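Structure first, then comments.
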Amino acid sequence: MTQLRLGRPVWLGRDTRTPRQTYQSLKAHQDVDVAIVGGGITGSAVALTFANAGVRVALVEAALVGRGSTAASTALLLQELDMGLTELGRRYGAAKAQRIWELSAFAARDFVKTVRRVGIACELTEQDSIYYTIGPDRVQQLRGEYARRCKAGFSGEWLTPGALRRLTGISGRGAIRTRGNAQLNPYKACVGLLRSAERSGAAIFEHSPVQRIDSARQGVRVVTPGGTLTARQVVIATGYATPIFQPLIGRFRLYRTYVLATKRITRQQHWELGLDSVMLWELARPYHYARWTPDQRLLLGGEDRPVVAGRGRTAAFRKGTRELREYFEALLPALSDLGIDYAWEGLFAMTPDGLPYIGPHQRYPNHLFALGYGGNGMTFGFLAARMLLEQWQGVHSADHDLFAFGRHR
Ligand SMILES: Cc1cc2nc3c(=O)[nH]c(=O)nc-3n(C[C@H](O)[C@H](O)[C@H](O)COP(=O)(O)OP(=O)(O)OC[C@H]3O[C@@H](n4cnc5c(N)ncnc54)[C@H](O)[C@@H]3O)c2cc1C
């Protein structure tokens, strides 16, 4: 199986002992309504949403829950998509682009509400995001995006270069400030969602890699080395198409992305940096971004690059993290005095249009997919959970078509 991470994310701490298994492996046969493959943020959101709706679910995770791409995530819960309204509108028209943005904003709020309602301790904090540009040639593009957002009813505030500098310490050309975004610890959020799903009746199994999925009389049979699940439907929440779904693999492009976590920053250093308590991300692509942690570290991310077969992952890791550091030291010079405590690399999957696939595929009866989120997997994972429940319940909505496999036709 592909290794989803390299290096140690700050969320998993310094303890490098073999982590404890929380849930048993699947050792027998079990019959449920819905089987879920994958125990990351998507699988856990699906498990909780379905279990709360009274659906009998079982989730099988190949390794340990929450330790795939989810543990690598920097977990900015942005209402905004990576793909701007302008670009999305060009591809799908203004009305569809607006609806996709509305759904993303809804999913971000839904995530926050769920975490609060369930009472998951996962360092959730509300925080504004600052979408900036430093390139003089890009400011018109950013202004155009801002105008489109305003017209479509998305709240935001234009920051002049002076306002951007006062708020962030960045010498840029302008920015859009969005209020009411959030951030959290993705590993704790995932584990908390699963605990809650379990309380609502979900069965969860770790170290239970799915080897194949067969058609069965009334649905599917999900086969793991130790046991099987029969279910009317199976939800595939493995991040991207794994070798079990060979014909779908070509729909995803895998990228590596890098993150650094600084040492804890003192008040004095914070002041010297000039960066307020906001999340940063930039207009250029691939973009860089930064956020604070509750224990006063800065997470610095970006330098995404496509996975190229045979190219050394360790050498790419060194180069990626070095370039990341160089970028941020140029942006916020006071950073050069700060040490780095954690560095890691994570994998994410992109579809051709940057939107996830959520829903059925004609080739695979009784399967529902939730894959390919790019850099918005936290919010889209939640959106997937709601949409898949609707599909399971037989509710049809035009919203589903926006994320269907067939949308490219
Ligand atoms: C460095 C980084 C930063 C990111 N930052 C953000 C961010 O700020 N905001 C945001 O919204 N998104 C962000 N993302 C994206 C987001 O984190 C991911 O899209 C999201 O975590 C994917 O969750 P998932 O549950 O779909 O996949 P994963 O967390 O990868 O979970 C899939 C699980 O499926 C399991 N699995 C695979 N094959 C099998 C099998 N055969 N049988 C059983 N189990 C199997 C794997 O072991 C894994 O645990 C970031 C991603 C990375 C890498």
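The values are calculated or read from the model by the stated rules, or taken from the named source; none is laboratory data. Here the structure is a predicted model, which means the values were calculated and not measured. Cβ placement follows ideal geometry from the backbone for every residue including glycine, while neighbour counts extend to all protein chains displayed. Side chains are part of the model used for accessible areas, which takes the heavy atoms of the whole protein and leaves out ligands, DNA and RNA. Shrake-Rupley method; radii C 1.70, N 1.55, O 1.52, S 1.80 Å.
Odds and ends about this structure:
- Condition check for Pro294: closer than 17 Å to Ala75 by Cα and either open to solvent by less than 60 Å² (accessible area, probe 1.4 Å) or assigned to a loop (DSSP other than H, G, I, E, B) (or both): yes
- Scanning the stretch 43-74 for residues that are touching a strand residue (DSSP E or B) at 6+ places or on another chain (Cβ under 6 Å), within 14 Å of the ligand (Cβ to nearest atom) and either more than 23 Å from Gln211 (Cβ to Cβ) or open to solvent by 10 Å² or more (accessible area, probe 1.4 Å) (or both) gives Ser69, Ala72, Thr74.
- Asp31 vs. criteria away from the ligand (no atom under 15 Å from the Cβ), open to solvent by 10 Å² or more (accessible area, probe 1.4 Å) and not in a loop (DSSP other than H, G, I, E, B): yes
- Odd one out for Ala121, checked against (1) in contact (Cβ under 8 Å) with a residue 60 or more places away in the chain; (2) out of contact with any Leu (no Cβ under 8 Å at 6 or more places or on another chain); (3) closer than 18 Å to Gly375 by Cβ; (4) of a type in the set (A, V, I, L, M, F, W, C): (3)
- Qualifying positions in the stretch 363-409 - open to solvent by less than 50 Å² (accessible area, probe 1.4 Å), assigned to a strand (DSSP E or B) and out of contact with any helix residue (DSSP H, G or I) (no Cβ under 7 Å at 6 or more places or on another chain): Tyr364, His367, Phe369, Leu371
- All strands (runs of 3 or more DSSP E) inside the stretch 172-270 with 1 or more residues being aromatic (Phe, Trp, Tyr) and buried (at least 21 other Cβ atoms within 10 Å of the Cβ): 203-205, 253-262
- Qualifying residue in the stretch 147-159 (condition: within 16 Å of the ligand (Cβ to nearest atom), touching a Phe, Trp or Tyr at 6+ places or on another chain (Cβ under 7 Å) and either acidic (Asp, Glu) or within 27 Å of Ala107 (Cα to Cα) (or both)): no
To keep it simple, each residue is scored yes or no on (1) within 15 Å of the ligand (Cβ to nearest atom); (2) without any contact (Cβ under 8 Å) to a residue 40 or more places away in the chain.
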site	(1), (2)
Glu329	no, yes
Gly339	no, no
Phe348	yes, no
Arg363	no, no
Gly374	yes, no
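- The stretch 304-333, residues that are at pLDDT below 95 and touching a helix residue (DSSP H, G or I) at 6+ places or on another chain (Cβ under 6 Å): none
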